[in-house]
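Worksheet for the structure shown next.
The values are calculated or read from the model by the stated rules, or taken from the named source; none is laboratory data. Bear in mind that the values here come from a model prediction, so they are computed numbers and not experimental data. Because the Cβ atoms are built from the backbone with ideal geometry, glycine has one as well, and the counts that use them run over all protein chains shown. Ligands, DNA and RNA are excluded from the accessible area calculation, which covers all protein heavy atoms including side chains. Shrake-Rupley method; radii C 1.70, N 1.55, O 1.52, S 1.80 Å.
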Amino acid sequence: MKVSENLKNLPTTNAGDLLTGKLSGVFVSTASGIPGSQPSISIRTGSSWNSQSITYVIDGIVRGGGDFNDLSPNEIEDITVLKDAASAAIYGSRSAGGVIIVTTKKGKTGKPTFSYSYGYSVDTRTKNLELTSGVETGLMYNRINGDDFPSAWSQEELDHIATINGGWGYDQLDLVWRNPTTQTHNLSVDGGNDRVRYFGAASYVKQNGFMRNLSYDKYNIRMNVTADITKDLQVFTGFALYNDFSDNATFEGAEANYAKLRRWQPEQPVYTESGKYIDYGWIANMGASVDGASGYNKSSYLKPQLVMNAIYKAPFLKGLSLKVSYSRSWTHNINRVYYTNYDLMITKKSGANQRIISTKDEDIIGTKRSTWVGKEYIQRYATWSGDKQFNVQLNFDRTFNDVHKVSAALVTEWYEGDGAGVYGGRETFPVYRTDQFWAASSARQDTWGGGDTDWQSGRMSYIGQFNYTYANKYMVNFSFREDGSMNFAPSERWGFFPAGSVGWVISEEKFFNKDIFDFLKLRVSVGLTGNDSVGGWQWQESYRSGASAYFGTSPSKNVGITYGSVVNDKLTWEKALSWNYGVDVHFLKHWNASLDYWYRRSYDILGNRQATLPSTFSLSMPAENYGEIHAQGFDFTLGYNGQTKDFNYFAKLTA
């Protein structure tokens, strides 16, 4: 799928939105209204209770879903989705959920060409379920509980709320609501000469949420340089930087805030006439939370990426080439929390049950502190990780006698990743309150800290692929991948995943009549994919903290340890065997269609057999390979492309 100019200019915060409704068998869920939230993407129906995450390959390097969604449409040249096992199996252990391949833009020969685009969008609320008005709420309360109920609404209280907002009462959501907006700026430049070509891009996305303390800012920078060192040697270097900042809700979360604000008690106002926060008998005031009086919860994300590769075309054998690539990325996340209480104005109340709350400043009779947070505190949480991948690929691609097209590849791939995290905080501010650690209490009982377990993972892979095409009519493909995963014992570490496919372009046959059908192709494929998404090291003996105990005459306790999980040294790969039958057709000059039937059998699924264990058994059980799930379905696409002198138009239906 080419990323056209109209897609490039979409005011979106993530690349996942580009796939919505574009490809059959690809499901993109609508992201929540929280700024910076990313959509969930899945390919076909899952066939395991374990995660079958999509594998994202960006410029030949395996990345995560966050890396894909962080891409700006301005950077993307092409997106390819691999759904059937024959095409996805080459990615082995990470391809059971399908593969999305992204190619970023490269420079073109010519003078520097600059491009700038700007996008702006406004979101509005769709119609919500209608709620009762303030008057209706009071009457219904009395009808349910009786007019003689101690907390029943009096006529005076009903008459008062009838004067507020046409009888609706105070609408707290409306008081703090703002229509969410998204604006994007994209700047790019490309150019070069016969030897060196370059592409540079920078983008900025600003997203505001429905409350003033919800926002998201994203900065992207990319630079791709391709250089022909000699006629046989080409070198590519790509650098990308992603930097995100988000402001989050301080109290409970934005989703909970929205739900509360919609159905808040209609007799409770938020502000006095001068904008001070009113105490309406609760631990907090939602207006204060939105205005920032309760502090903040901010997150930042920084990820630089570097990709380098070199392609050498062997002069002694036409079609033979060697590609060596190396990539490195670093990820840094920081969450900064500063939570504070604030003053609430106690105003005069009247009515039989104190439901008439004055909003006049002259009716303020006292103040109280909010109690939404027990003790005011400051906290920092930082995580960091890195990964590296090294590939050596031997390729052969050549056509013999204009009809025999042969291509093959042998690849070895090495991947390693690691990460860690720490956090710390202090509560109470003895003298002066500010969002700095020096201002918070340094007493041991007011200080806390800790960290995540350092983690490390790695894979080693050997890959092979062979393709043969005769006269653009008959296609045969075979591939295999052998993966080694640290999640399994050495004896069970390696998994072998083969795949194959055949295709027949019937429309290229001499007997085929092209009066109606311009193109007709039949496809069949079968392949085996793997999944190692199980907690690592379950094949090794382990220990964990246990109960402390007293020994001898010493009054101090001795820290104890105990055994960890029962070991399963036979734990191995979860596998999925898939079949795909498909047909592609172009007809009546403007129409195109594609239909696929697929069937997937997942077996050796990793999971725990025991729902519960006897209380007398002190250990936990490891996962086992015992599950099996079958899944099947159809993918269908129907498209139309038209053109006039002045413009192009198209339509597509996917199912």
Exercise for the section: Search the range 117-143 for residues being within 27 Å of the chain's Cα centre (by Cα) and not charged (D, E, K, R), and hand back the single one that is modelled with the lowest pLDDT. Expected result: T126
Practice task
Specify the residue that is surrounded by the fewest Cβ atoms within 10 Å (Cβ to Cβ); the eligible residues are those in the range 591-627 that are under 21 Å from L577 (Cβ atoms) and free of Cβ contacts under 8 Å to residues at least 40 places away in the same chain.
Solution key: Y626
Handout entry: Members of the range 233-243 found to be surrounded by 20 or more Cβ atoms within 10 Å (Cβ to Cβ) and touching a Pro at 6+ places or on another chain (Cβ under 9 Å), listed by number
Key = A240, Y242
Exercise for the section: Find all pairs meeting these conditions: Cβ atoms under 6 angstrom apart; at least six residues apart or on different chains; first residue within the range 291-318 and in a strand (DSSP E or B); second residue open to solvent by less than 40 Å² (accessible area, probe 1.4 Å) and of a type in the set (A, V, I, L, M, F, W, C). Expected result: N297/V337; Q305/A240; V307/I61; N309/F236
Practice task
Provide a single number: the residues in the range 244-265 that are open to solvent by 40 Å² or more (accessible area, probe 1.4 Å) and part of a strand (DSSP E or B).
Solution key: 3
Practice task
Within the range 97-156, work out how many residues are under 30 Å from N208 (Cα atoms), without any contact (Cβ under 8 Å) to a residue 24 or more places away in the chain and open to solvent by less than 80 Å² (accessible area, probe 1.4 Å).
Solution key: 1
Exercise for the section: Can you tell me which residue among S525, S556 is part of a strand (DSSP E or B), more than 16 Å from D569 (Cβ to Cβ) and at pLDDT 80 or above? Expected result: S525
Practice task
Return a yes/no flag: does the range 570-582 have any residue that is more than 30 Å from Q540 (Cα to Cα), modelled with pLDDT of 90 or more, open to solvent by less than 70 Å² (accessible area, probe 1.4 Å) and of a type in the set (A, V, I, L, M, F, W, C).
Solution key: no
Practice task
Can you confirm whether the range 417-425 contains a residue that is surrounded by 15 or more Cβ atoms within 10 Å (Cβ to Cβ), within 29 Å of the chain's Cα centre (by Cα), among the hydroxyl-bearing types (S, T, Y) and in a strand (DSSP E or B)?
Solution key: yes
Handout entry: Residue list for the range 335-359, filter: in contact with a Lys or Arg (Cβ under 6 Å, 6 or more places away or on another chain), part of a loop (DSSP other than H, G, I, E, B) and surrounded by fewer than 19 Cβ atoms within 10 Å (Cβ to Cβ)
Key = S358
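What about Y462, is it touching a Ser or Thr at 6+ places or on another chain (Cβ under 6 Å) and either among the hydrophobic types (A, V, I, L, M, F, W, C) or open to solvent by 50 Å² or more (accessible area, probe 1.4 Å) (or both)?
yes
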Completion exercise
Over the range 193-232, the set of residues closer than 19 Å to N243 by Cα, of a type in the set (V, I, T) and open to solvent by 20 Å² or more (accessible area, probe 1.4 Å) is I221
